[in-house]
Each structure stands twice: as structure tokens, then as C-alpha cells.
1. Quick one: count up the residues across segment A:451-497 that are surrounded by fewer than 20 Cβ atoms within 10 Å (Cβ to Cβ), within 14 Å of another protein chain (Cβ to nearest Cβ) and over 30 Å from A:LEU434 (Cβ atoms).
2. Quick one: what pairs do we get from segment B:332-356, first residue surrounded by fewer than 24 Cβ atoms within 10 Å (Cβ to Cβ) and aromatic (Phe, Trp, Tyr), second at pLDDT 95 or above and not in a strand (DSSP E or B), C-beta under 6 Å, 6+ apart or different chains?
3. If you go through segment A:48-67, how many residues are of a type outside the set (Ser, Thr, Tyr), assigned to a loop (DSSP other than H, G, I, E, B), free of Cβ contacts under 8 Å to residues at least 12 places away in the same chain and within 24 Å of B:ARG532 (Cβ to Cβ)?
4. Answer yes if at least one residue in segment B:15-32 is under 23 Å from A:TYR436 (Cβ atoms), of a type in the set (D, E, K, R), surrounded by fewer than 18 Cβ atoms within 10 Å (Cβ to Cβ) and facing chain A (nearest Cβ under 10 Å), and no otherwise.
5. Of the residues B:LEU25, B:LEU40, B:LEU61, B:LEU33, only one is assigned by TED's automatic domain parsing to the domain that holds B:VAL112 and out of contact with any Phe, Trp or Tyr (no Cβ under 9 Å at 6 or more places or on another chain); which?
6. Could you list all residues from segment A:498-538 that are in a loop (DSSP other than H, G, I, E, B), touching a residue at least 12 places away in the same chain (Cβ under 8 Å), within 14 Å of chain B (Cβ to nearest Cβ) and surrounded by fewer than 24 Cβ atoms within 10 Å (Cβ to Cβ)?
7. Counting just the residues of segment A:263-284 that are touching a residue at least 40 places away in the same chain (Cβ under 8 Å) and surrounded by fewer than 17 Cβ atoms within 10 Å (Cβ to Cβ), which one comes out nearest to the other protein chains (Cβ to nearest Cβ)?
8. Please work out if A:LEU442 is part of a loop (DSSP other than H, G, I, E, B), farther than 30 Å from A:ILE539 by Cα and either more than 7 Å from chain B (Cβ to nearest Cβ) or in contact with a helix residue (DSSP H, G or I) (Cβ under 8 Å, 6 or more places away or on another chain) (or both).
2 protein chains.
Amino acid sequence: MSAQKIVVIGGSAAGPKAAARARRLDAEAEVTLLQKAPELSMASCGYPYYIGGDFDERDSLLATPTGVVRDPAFFAAAKGVNAKVNTEVTAIDRENRTVSGIDLGSGETSTVEYDKLILCTGANPRRPPIPGIDLDGVCSLSEMRDADRLRGLVDAGRVKNAVIVGGGLIGIEVCEALTKSGMNVSVVEMLSQLLTFLDWEMAKLVEKHVASKGVTVHTDNGVAEFLGEGGKLTGVRLKDGTTVPCELAVVSIGVVPNADLARDAGLAIGSFGGVTVDEYMRTSDPNIYAAGDCVEINHRITGKKVFAPYGDLANLEARVAADNMVLGDARTFPGTVNSGICKVFDLSAGATGLSERRARDEGFEVVTATNASLDRPGFMGARLLVSKMVADARTGRILGFQCVGPGEVNRQLAEAAMAVMNGNTVLDVNTADLPYAPPFSLAIDHFITTAHILDNKMCGRMTGIGNAEVKARLDNGEKPFILDVRAPGEFEAMRLNVGETLIPLGALRNAQDKLPVDKDAEIIAFCKISMRGYEAQRILEARGWTNVKVMEGGIMAWPFHVDMGR
Amino acid sequence: MSAQKIVVIGGSAAGPKAAARARRLDAEAEVTLLQKAPELSMASCGYPYYIGGDFDERDSLLATPTGVVRDPAFFAAAKGVNAKVNTEVTAIDRENRTVSGIDLGSGETSTVEYDKLILCTGANPRRPPIPGIDLDGVCSLSEMRDADRLRGLVDAGRVKNAVIVGGGLIGIEVCEALTKSGMNVSVVEMLSQLLTFLDWEMAKLVEKHVASKGVTVHTDNGVAEFLGEGGKLTGVRLKDGTTVPCELAVVSIGVVPNADLARDAGLAIGSFGGVTVDEYMRTSDPNIYAAGDCVEINHRITGKKVFAPYGDLANLEARVAADNMVLGDARTFPGTVNSGICKVFDLSAGATGLSERRARDEGFEVVTATNASLDRPGFMGARLLVSKMVADARTGRILGFQCVGPGEVNRQLAEAAMAVMNGNTVLDVNTADLPYAPPFSLAIDHFITTAHILDNKMCGRMTGIGNAEVKARLDNGEKPFILDVRAPGEFEAMRLNVGETLIPLGALRNAQDKLPVDKDAEIIAFCKISMRGYEAQRILEARGWTNVKVMEGGIMAWPFHVDMGR
């Protein structure tokens, strides 16, 4: 039996993983990897940190943990993989099982035979048809050369003003990098919020923090035109007419699957433009697999196909694809719950599963709880976490979890992702046995507390109201009785200043005269995080008030202006 | 209907939680809490950090996140709970539904009626019958006054030498606290390892680190006698005859349930001496519940009753008990997977589920994988994690996970705990969708990588060998061919020096002459973390060697001596 010929198209994340794995599974296989870019195995998620100066060694984006650059010589010696860079694949001949390529240096063309082929062609940045987009100074961040160029601009120090077009994950990471390097940065986002994996009020917390770092955020806005002089960018004109002067604009409005080769070869393509694969990561051609940012995968909650271009999924998909290419139908890939996290200056922010908005769009009847509390005890240097849990009102199944704050968001989202993947209910999380010691968490972990709050809401014991709804109603001229049950010192340090009444919780049982006479009057109680707000609700209801609500997350989750100091 | 009378015995963790929760659920209830100690709601897990000077405000161990001390006035005003401190309950009269108490200050006795009673009497430190244990200078760390006393000794600065008896969680935390405060500390442990929730070779990594901080660790040893002069401790004589001079000895050899009241009242008691409760946290008397360190609970994997005195579980159990006391059989407590974590100087160490040893003791056929790798990319300041995954060989179900290292152990254990609780298999974790960005994790999370290694082992692709077994065989005079496949620079910086042969992985495919001629000779390959060790196995097998093993975790998980430098 002659050696199996495996060809891998693409050398960023999924490609090298598939190639190395396939070679380990079949030591006789001839594995060829064809990569268009000059580099291999780029840690592209690290580009923003390289640009921002978190580290200076460009090669560390391309190196193994022991510092060996993953070039073709490395792939040959350590992995037994024949990797060709600067080699663009131009066509797939499925009948003859060959791919045609061109050496971008020499212009030489070649043909490679395959028994099994895997497409890891990644994604391309969206490029909106905006006038002036070809001006010098408008770029995106997709390839290593983009990172090189942006880092060069940072090092040269001549760019004073930069505009980020798009407030998603990459946009926010680049925003931080350029701000830290001393540029004046503006972010322009078409939608009403940054980071759309968060619900609006959670994203507003991020926006408030970004603004506190000197960044100007334009939401509900877009770029009408890139302005230039002599071919060079000088500013952007926004849809609302504002002009923002800048010498640099980074367009990061998302990516689209790079599925041209697959489409040209007649493979099935999904509604997002990605390659269609089954649970074995196999395309519509049984000899061709695909993995990474060029495919559409299953969403574990909705069961629908989604486009989920994340570096971690690319690796996991590639491993499954390699197993199946070499071993037959050995492994399946169950799909995504859209887990994501990012650093935003002094905050971390992320989500797993469905946001409230998306869950409603998918037809779920939804209950939510917002929880602002600490990540560990105060005496151990506690930091704030603000979270939102989204559950199916009928079954209690946790559909999603979002977390934002200076605290230990990483652990919260990791455990939440496991809960969402496992279809855990609020009751399951209520009694979860998680690792606890004061340097690491509270005795009742923040994620569990969030479940407790949602449990209380679902049982009708706590009646919550979202801060966005409170703000909208106040802006609309409504006058509910807003009750702050914190201590006077807390009030003096920071307060909503929306006409609220201060009655500290400890005084509430004897404060009849300060409360509405009408027992059916709406009372909206809150405190710092709204644990005391909940106690207040229970106390007032026991005393006969019938319409008491708790503003969830308290003042710490309030994403609007607060008054500080005396 | 007259108000329901709820009495809570105990005011540390479970007691206050049960009292406050019950009162919130039933605003009419008369809730009385009786506490023997002068304090309430002590954050006892924080004592070691108070002793070690991580913070100075004693009251922060007793305060809410906003700094209000949880004293009886606080419980009355904020929680509607009648809390009495310095009040010891002496008997329960189940027939008349009363408890008798004595005010430890005035000596006055009293009787309180109950409709529902909950026992949250906690646990007491084990006190071994060792000669000299009553000497001044021998103490334990259980109550607030113990913490006060130890902090006083630290502040006075006169104790030069201290001995910790018992190398469990508390022992190790106190060891760190006293070492940081400048004392010479020795730890004496009867068993062959510290931290018995870890397997031996994982615990040895912790021991090596503790020793590197100047602590003397005596394992397989015990205290034969506390030595004294004039009633004061001057040293300890160990079972092996060694004498260790010291002015302070902290005995921390575990705790036993404080179930005397329950036993005297005729309630069912389990084999560990804890109060027997059902899944509703109800004792053998339908009007009496129990929660916290005085009970035995279900182990979720073995289904057996265990004694699991953890502060987090105490709170969760108390919440369930309160729900059932007030609402009827509303909630169940599913039990524990023994999740635990602790800080050990610059390391974190913890476990969830069963260790390999315990899983074997429980009759499981076990497979394991050890993984030494990084918590995030090298360019983001990666730190090491060493983990061990234990799975059921027949089903692939993950039975346990241990993690030790300077890296982000917290997230690893939290996600592992969720996996263990959910009965996830190695294949489930193989494709888990966890939050990823370079500041937070590797593209393939360390927990997932560990599953991948175990998957490779279970499929027979990787043949692992534990470092403890390698060491034992070398010590026994055996001479397997030990193959280090790292780079020469890595070898020069740090090496096992057990007669190994260095052949860098990249040179292995052409190194026939340096390898054993006998293709059936045993070869044990390793590298820094043993990813390259695994590649080496695959390469050598492809070239005909039949008995190649990978030393799991590589040199980074090697818990014995290594040679450093040239």
C-alpha cells in the first residue's frame, strides 16, 4: 500500500494543527501544507499585544514555547510535514484529486496530488465600499504584515490620531493597543453598542471604561467617507456629519469566510458564505475536509449553523478533521457555544452562550439575572465582577452568561462555558462544588450567586428591573420611588442623583414615614450591588407594599453617569 | 397562624446563611441564632492570611463587603434575625421542641422553643494524645481567638522557630503565613506527602516548592512528644528520633464533626461521626436539619457518604436546608466532588474529584495523563501548570483533575470541577468551547490539552510512564534508555542527570547510530513538557522501535532533583 497523500491548504491555526496531527496518526503519510503567507503558525490573536508593545520580539508570535520559529525547516524536522510558504493554491481538481498552486516568489506553478485534502483557508477582513478606503493610512488587522505595519507606526510615533472602525473584539483590542502607545483614539460603531456578544447594558459598562481612558466612542454611527490629501488619510467623515481628523484608520468590522477555492471547486457553501461541513468536519466531497475560519459549524444551543471564527475552535476542529481523515469517522465536533473573552484596559469582558437579545431572537422565553459582586473576599483585595445570566424560563436551562469587570472574569466564564455546554440549569449551578479559598474566590462563587439571584427571581421572591429600563423610564419623565438602601457614607461617595431617597437598610424596618403612603406605589430599591436591595424588597413586602422591585446589580452595574463625592 | 419559630445553632458559616435565608423566605418567622463564640459569620478561611499579614484589619474577617461588622445588632436590623453570641446550647429536647442554652458570660440558662431547628455546629480540630500537647506554645487554628493569638505572636516577633503538625490545607496555609513573617518553619506529616487531595508525585512538586522557601518538610514522620520547660514548649521530638527546637507548634491534623448535641439528642450519626442528613439536609428528626462541617454528605462520584468540611459547601448546604425548613421539600443538595484549592507561596495547588489513588481504592479501573504546559502564550508572560487527569478506563468519564503551578490554576480547577460534576468524558472535554484570548489562556486551553493527552493514551497512540515510576526504577538499578529530545541549550540550563542521552527532536529522524540497536529495547523519551517526547515516540515507532514510552510532564513535572547550569 502506498503512503497516503494528505494536503493541507492554509498554514495559520487549523492548517498546521491538522498537518501535524495527521502525521502523528500516520507516520507513513506524506503530508504537504501549502501556505500563501510567508509565515506559518502565526499567533494572530497576539497581534494587538505586539502592536501595543506588550512584547517586542516579533518572532515570539511564530515560535514554539521553547522559542523555535515554526518555519518550513521546523515543520520538516520536528513534524515530518512538508510545508511550503508563499504558495497560493489556485484551484482544486476534485476528479483527479490534485491542487494547483503558484509560488508567489518565482511565479512557478505546480500540482500536488492528494488522497485527502483539508481546507484551512481562514477568513478575510470585511472591506466596506466606503469612498476613500484605498487611501494610504487605512488598513485592517488580519495578516502578519498588518501587524508589522501597525507596530511600525507605533514605534515611529508620528501618528497622533487614529480611528478604529468597528467596536468588536479586534477593534477594542486594537483601540487599547493604540491608546497605550499614546495615540488619540476614536472608535466608530454602527450599532448602538460595542462588543455585540454582550447585551446593551453590559456593553455600556465597557464603553464607560473605554471612555474613561480617553477614547472617544461613537455608537449608532458609521464612516461615510475616508478623507485624504495627496493619497494620504487625513480624517474620516461620519454618517452624522462629524469629521474626525486622523492619520490612521483601522477597519475591523468583522471577517468573512475565505471559501473561494471551495466554491470554485463546487463544494457546498452555507448561508454565511462558509464551507459546509458535517460533524466529522467533512465537506460535501468525502475526500475533502475543512476546519477553522473558513467553515460554518453547529451552534450547540440553537442547533443552527453559525460562523464562529475563533482561534481556539480552529485548533479543535482541525484535530477532529485530522482524526477522521486518517482514521475514518473517529471523532465528531459538536460545535460552539460562542465563548469569548477579551481584555479591555483594566477590565476583562466576555460571554458564553446566548445573550438575552439573541436568546429572544431565537424564540426562547427568557429570564435573566444581573449580579454585581466581588471575585474574592474584601480582605484579599477583592475586585468587582458584573455578570448577567440568561436562562430558559420554561426549563431553567442556562442559555448564556456574560461577565465584565476588573475581577477574575476568566474563571467565571470558563465555568459558565462548561455549564452552558452541559445544558446545566439554574438549580444545577445553585449547588455546584467549585474550588474555594480566599485568594481565589468567595465562599459562594460569583457564578453561583448569580444563579441564586436568578433562582429567587424565577420563584417570584425577587422582582428585578434592569438599569436600562429604569433609566429609560426616568428619561421618559416617569417618577417611580427610587430607594437607595446603602449607608450615608456610601451615598456621599457615589450616587445616582435621579431623585432617589436614601434609607439605609438597617433603618428600613422603622422608616414608614419616609416611604410612599400608597402601598401599591412602585418602589425600585437598590444598593451597591443589590443584595441589600433584595433584603429591602423582602422587608417592604412583609410590611404590605405590593409593587417593590430591585434594580439588579445596584449602583455598581449602573452604566450611566453617577455623581461622585460631596 | 402563629409565626414559625426557627432556631439555628451555630453562627459561623452555615448558621448565618440558614438564618438569613429562612427569614427572607418567611418574613413572619421568628428566627433565633445561638452562637457559642463571641463573633458571628467569621471568615475563618481567611485566618491564615490575617496571621501572615496579608491584611491588618481584624474586623474585615467579620464584616460585610461594605465594611459593616456582622454583630447581633447588624443581624437584627439588616436580617431580622435574633442572634445571641456567647451562648452555648447544652441540650435539645426533641419531644418538646426546645433547646437549652447557657450564657457563657452571665451563666444564665434559657430555653428556646422551635418549630424547625437547624444544627450548624461545625467541626473541632483533632487533638492527638501526644505527651506535652498541653504545653504553652502548642495550639491549633480553629477559632477566631486562635487566629488572634497567632497574629499576636507574629506581631510580637519573638518566635523564631515553629513546627506545623500536619501538612494538609490549613497546615500549608499556616506554614506560608509563619514563614512570611520570618519564622523558621518545619512541617511534620505522618503520611508520605503533603496535601493528600493530590497524588504523591503532584504533592512532591508542592513539597519541593515549600522546601525552596526554606521550610523543612518531614514526611513519613510524626510528633512523638512535645518537649517543654516550665510549662512552655521548647521543641518537638519526632517519631524518627529527630528533635526540632521550637517555641510554637500548630497542630493541624484535620477536624472532626462537632455532633455531640445531635448524638445526645439521639439523632442518627454517620460513620465519620457527622450528623446524618438526607438530600434535603434533614436529620433523622423531620423537624431538625443540619448543614456545614457537622454533617456527612453524598460524594457525587462514589455515591458514598463523606465528611467534607469546606466553607463553600457549608453555605450551599445551608441555603438548601433553609429552603426546605421554610417551604417544605423544595430543594436538594446533590453532594460534593471534593473541589479544593490553596495558595502555597508562589504556587497554587488544588484538585477536584478523585485522585488516582482514591479512584483505585474505590475500585475504578483508571487511566491518567500528566500535562506540564503553559497557561497562556509565551509572549503574554506564560506561567507553568502541571496537571493530572484521572478517568475511568472503561467509559472515559473524568473522575478527577489535579493542578499545581505558578500559573492560572484557579480557572483550570473551576472548569474541571464543572466537568467532573457533569460526568463529562475525555471526549467531551476534547472539543470544549472555552473562552480564549492571549491574556487569559492558550488557544488550546491547558485542561483541553490534558484531555487530548489522555485521549492519545487511551487510543494506544501514546504510551506514558509516570516520573515516580521512572525514578523508582532508576533507584532500583535498572538502566532503561532515557532519551532527552530537547535542544542543547535547554539541556545545559537544566537536566535530569540520570544517564540520559540527548538527541534533539529535530535530529531524531537521522540519529539511528545513537539509539539502541535492539529494536525491542525500552526507550523512555521526554522533553521540557513532553509534547516533543510524544513526537519522539511516534517517530521512533515509525522506525521500528517497539517499546518506546513518554515520561509524562517532561522535566517540568519531574519532582526530584535536577542539575542546573553548566
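1. Summing the residues that are surrounded by fewer than 20 Cβ atoms within 10 Å (Cβ to Cβ), within 14 Å of another protein chain (Cβ to nearest Cβ) and over 30 Å from A:LEU434 (Cβ atoms) in segment A:451-497 gives 6.
2. As it stands, the answer is B:PHE345/B:GLU176; B:PHE345/B:LYS213, since those pairs meet every condition given.
3. The qualifying residues number 4.
4. no
5. Unique residue meeting the criteria: B:LEU25.
6. Those that are in a loop (DSSP other than H, G, I, E, B), touching a residue at least 12 places away in the same chain (Cβ under 8 Å), within 14 Å of chain B (Cβ to nearest Cβ) and surrounded by fewer than 24 Cβ atoms within 10 Å (Cβ to Cβ): A:ILE503, A:PRO504, A:ARG509.
7. It comes out as A:GLU279.
8. No, not satisfied.
The values are calculated or read from the model by the stated rules, or taken from the named source; none is laboratory data. Predicted model, so just to flag it, every value in this text is computed and none were measured. No Cβ is skipped: glycine too gets one built from the backbone with ideal geometry, and neighbour counts run over all protein chains shown.
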